[in-house]
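Here the structure is laid out as structure tokens; the discussion comes afterwards.
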Amino acid sequence: EPYLRHISEQAGDTVFLTIRSGFDSICVDRKIGSYPVKVLSIDVGARRPLGVGVGGLVLLSFLAEAEAASIIEANRQRLAQHQLSVGKLAERMRSTRTRGYAYTDAGVVRGTKAVAVPVFDADGNPVAAVSIAAIYDRLAAGRVAGVVKLLTEQAAIISRRMTEISRARHRAAR
């Protein structure tokens, strides 16, 4: 919560935390920024097939290729319901891996853009995504790099904190 709040305060836009649940992504938290126009593109608790939306895309993109392929095949019909072909998803995944983050200039809500970065566990597996959705003009090319830097910094802190907690629990269980 404090990491998402920090991002929303710094960026002024809506921040989302998304996790993986099987073949889906679930929004588990959302912090609304101070910018007067709010983009509330997904509610806490909303579930979508992995690959739909920037949070689900970044989670899927950084999985092992065989695991990602299995999920895509299992979700093939559900992806089509979101007007997302397997070919288009594969293209988006390649771009996401190359950039290190997911970006779309056509967000879930018309007139918006979104960007997401992965949160990795101690083994390097993607366990969550931190994303920002904003009106189109708020995520212009000149601002994306700064937003990605902010998201990446906080995602790294979340990863370190998760590792610390996991190690402490492991020590306590001994």
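Structure notes:
- Residues located in segment 42-100, provided they are over 16 Å from I19 (Cα atoms), open to solvent by 40 Å² or more (accessible area, probe 1.4 Å) and among the small types (G, A, S): A64, A66, A69, S70, A74, A80, S85, G87, S95
- Lone qualifier among E164, E91 - being farther than 30 Å from E9 by Cβ and charged (D, E, K, R): E91
- Matching residues, segment 16-54, being over 24 Å from A80 (Cβ atoms) and among the polar types (S, T, N, Q): S34
- Helices (runs of 4 or more DSSP H) wholly inside segment 1-107 that include at least 3 residues being in contact with a strand residue (DSSP E or B) (Cβ under 7 Å, 6 or more places away or on another chain) and over 16 Å from V147 (Cα atoms): 53-61
The values are calculated or read from the model by the stated rules, or taken from the named source; none is laboratory data. Treat the numbers as computed from the prediction; the structure is a model and nothing was measured. Please note: Cβ atoms are built from the backbone with ideal geometry, for glycine as well, and neighbour counts cover all protein chains shown. Just the protein is used for accessible areas: all its heavy atoms, side chains included, with ligands, DNA and RNA removed. Shrake-Rupley method; radii C 1.70, N 1.55, O 1.52, S 1.80 Å.
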